[in-house]
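The values are calculated or read from the model by the stated rules, or taken from the named source; none is laboratory data. A quick note: this is a predicted structure, and the numbers were derived from the prediction, not measured. Positions of Cβ are generated from backbone atoms using ideal geometry, with glycine treated the same way; all protein chains shown enter the neighbour counts. When the accessible area is computed, the model is the full protein with side chains, heavy atoms only, and any ligands, DNA or RNA have been set aside. Shrake-Rupley method; radii C 1.70, N 1.55, O 1.52, S 1.80 Å.
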Amino acid sequence: MGLIEANNDREICDLIRRASEGDQVALDQLFSQHHDRLQRMIRLRLDRRIQGRLDSADILQEAYIDVFRNLPRYVESPSTPFFIWLRNIVGLKLAEVHRRHLGTDKRDANRDVSIYRGALPTVNSESLAAQLLGQLTSPSHVAIKTEMRLRLQEVLDCMDDIDREVIALRHFEQLDSQEVADVLEMSKSGASSRYVRAMERLKEELSQFPEFRDLA
C-alpha cells in the first residue's frame, strides 16, 4: 500500500484494506478510532446558524457513505495519510451540508471556503472566538463573555487567514505538526513555526485585557 503502510501501523493498514473490500465492520472500527477528532473538526466548523438543526453525528453519518464509496479509490492511489484523507471527505460533506441548508447566502456570509484543499469550510472568527472563550468558566468571566467575544472576534479578524486556521488545527482539532503541514500543504517545520507565531501574536494582542489571561 505504499503511503498507507508508511503512515499507519499494521493493524490500521489491515482495517483500511478490509474496509476498501467492503467490510463494514472494519470501516466502523476506523471511524471509531477517529471519531473524536472528526467530531471536533465538525463542531468547530459547523455554521452556527444550523447547529440547532444538525450536529456532528448527523454529518458523520452522511460522510460514512462517501468514505465507504471512495475508499477503494484511495487505496489504489493514496496521495495523503489516511486520517487527512478521511478528514477531507468529512469536511467536503460538511461543506455540502452548508450549501444544502444555507444556499447562496452561505457563500456571501462568512468567507467560509477554504483556500486549502479547495472546498472545506474554514474556521471563522466567530466560531474560533467561541471555542477560545469556552475555556473560561468562572462566574465573573461568564458575565462579560459577550463583550469579550466581540473583542476577540475583532482581533481574530485582523489575523491572517492561515494564522487563524493553524490555531484551529493545532489548538482545537489537536492535529500534530505533520498533520497540520499535510492539511496546509507546507513543511512540518513551517507549520510548527506558523503556529508558534500565530499564538504569540494572539496572546500579545490580548495581553492588555486581564480577562483573557486564562487563554494563555
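Looking only at the range 1-22, count how many residues are at pLDDT 85 or above, open to solvent by less than 50 Å² (accessible area, probe 1.4 Å) and not in a helix (DSSP H, G or I).
Going through the range 1-22 one residue at a time, the tally reaches 1.
For (1) surrounded by fewer than 12 Cβ atoms within 10 Å (Cβ to Cβ); (2) of a type in the set (A, V, I, L, M); (3) at pLDDT below 85; (4) assigned to a helix (DSSP H, G or I), each residue gets a yes or a no:
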position	(1), (2), (3), (4)
SER127	no, no, yes, yes
LEU132	no, yes, yes, yes
MET148	no, yes, yes, yes
ARG151	no, no, yes, yes
MET159	no, yes, no, no
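Looking at the range 42-82, which of its residues are surrounded by fewer than 19 Cβ atoms within 10 Å (Cβ to Cβ), assigned to a helix (DSSP H, G or I) and polar (S, T, N, Q)?
Scanning the range 42-82 gives GLN61, ASN70.
Six or more apart or on different chains, Cβ atoms under 8 Å: show the pairs whose first residue is in the range 92-103 and more than 9 Å from ILE50 (Cα to Cα) and touching a residue at least 12 places away in the same chain (Cβ under 8 Å) and whose second is of a type in the set (Gly, Ala, Ser) and surrounded by fewer than 19 Cβ atoms within 10 Å (Cβ to Cβ).
Correct list of pairs: LEU92/ALA119; ALA95/ALA119.
Find the residue count for the range 167-190, including only residues that are at negative phi, open to solvent by 30 Å² or more (accessible area, probe 1.4 Å) and not charged (D, E, K, R).
Number satisfying all stated conditions: 5.
With respect to the numbered conditions (1) more than 23 Å from ARG87 (Cβ to Cβ); (2) at pLDDT below 70, which one is the sole condition not fulfilled by SER114?
The single condition SER114 does not satisfy is (1).
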